[in-house]
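Worksheet for the structure shown next.
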Amino acid sequence: MDEVIRVEGLTKNFGQLQVLRGIDCSVRSSEVVCVIGPSGSGKSTFLRCLNGLEEASGGRVLVHGVSVHDNSTDVDALRSEIGMVFQRFNLFPHMTVLDNITLAPTKVRGVPLEQAREQARALLIKVGLLDKIDAYPNQLSGGQQQRVAIARALAMQPAIMLFDEPTSALDPEMVGEVLSVMQTLAEEGMTMMVVSHEMGFARRVANRVLFMDEGVLVEEGTPEEIFDRPREERTRRFLSNIL
């Protein structure tokens, strides 16, 4: 499999606070990598550095061989290849579901409106929400809004999808519907990096799991290695508290 993301010595400081302390990892095409760890360990900051939403303090991030934080890099063009789904849905409240999904393809990629609408309908079928095509965000449940947010990210036909704790803002009964959509994407071969507290999803869907704590990548391995045979005491302690 081709390497699509390479992270080398990534550091990130917020003033005197060092949030990331020299992260090294890579992600290959069609791989699903789940990032786990306690709150405040730098997971979300790490993810946001991958598409330039956060500026790196040191090290580098390469996506398809392009340095994300290089001054000469067209970050907007790079981000069009990297879909991102956040904890909060960030849908435009004054736009219908259809308009939310078609906005970026038409404005950024120049896709003709009717083509974008056909693509949106297909994506809404994929996420099980075609019947909500004319609804506004405030008419949807949290789980439905997050599924629309996933469809909106997919509308740009990204090569990579980043998920930053996509179920953490949802009521428990809505979590499954979002994870089901993500599992389908994984089965279809989408390259995905997922920050999540959903250990069952990580065990079931991930090819690799990264465990982070205090800005350090403590351990990585297959789900079986991390969950059943963790090497590091810090990993074992974390898992014993949540499993």
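The values are calculated or read from the model by the stated rules, or taken from the named source; none is laboratory data. If you're wondering where the values come from, they're calculated on a predicted model, not measured in any experiment. Every residue, glycine as well, gets a Cβ built from its backbone with ideal geometry; the counts of neighbours run over all protein chains shown.
Going through (1) under 22 Å from V216 (Cβ atoms); (2) of a type in the set (A, V, I, L, M); (3) touching a residue at least 60 places away in the same chain (Cβ under 8 Å) one by one, L53 falls short only on (3). Take the residues in the range 92-107 that are aliphatic (A, V, I, L, M) and farther than 14 Å from D134 by Cα, then tell me which one is farthest from the chain's Cα centre (by Cα). So, considering only residues that are aliphatic (A, V, I, L, M) and farther than 14 Å from D134 by Cα, the one farthest from the chain's Cα centre (by Cα) is L103. Filtered by the rule that a residue be out of contact with any Ser or Thr (no Cβ under 8 Å at 6 or more places or on another chain) and buried (at least 23 other Cβ atoms within 10 Å of the Cβ), the range 152-162 gives R152, L162. Screening R208, R203 for residues that are at pLDDT 95 or above, buried (at least 20 other Cβ atoms within 10 Å of the Cβ), within 25 Å of D2 (Cα to Cα) and among the basic types (K, R) leaves exactly one candidate, R208.
Of the strands (runs of 3 or more DSSP E) lying entirely inside the range 1-98, those containing at least 3 residues that are crowded, with 21+ Cβ neighbours inside 10 Å span 3-14, 17-28, 32-36, 82-85. Among residues of the range 21-39 that are under 23 Å from E187 (Cβ atoms), those with a beta-carbon under 6 Å from a residue that is surrounded by fewer than 20 Cβ atoms within 10 Å (Cβ to Cβ) and not small (G, A, S) at least six positions away or on a different chain give the pairs S26/E3; S26/R6; R28/M1; R28/E3; S29/M1; S29/D2; E31/N207; V32/N207. Counting the residues of the range 102-140 that are of a type in the set (G, A, S) and part of a helix (DSSP H, G or I) gives 4. In the range 117-131, the condition of being surrounded by 20 or more Cβ atoms within 10 Å (Cβ to Cβ) and among the small types (G, A, S) is met by at least one residue. The number of residues in the range 187-202 that are assigned to a helix (DSSP H, G or I) and in contact (Cβ under 8 Å) with a residue 12 or more places away in the chain comes to 3. When each of S29, S44, S72, S80 is tested for being of a type in the set (S, T, N, Q), at pLDDT 95 or above, out of contact with any Ser or Thr (no Cβ under 8 Å at 6 or more places or on another chain) and within 22 Å of I160 (Cα to Cα), the lone residue that passes is S44. The residue pairs whose first member lies in the range 203-228 and is closer than 20 Å to S39 by Cβ, whose second member is modelled with pLDDT under 95 and part of a loop (DSSP other than H, G, I, E, B), and whose beta carbons are closer than 9 Å, counting only pairs six or more residues apart or on different chains, are E214/G40; F227/L243.
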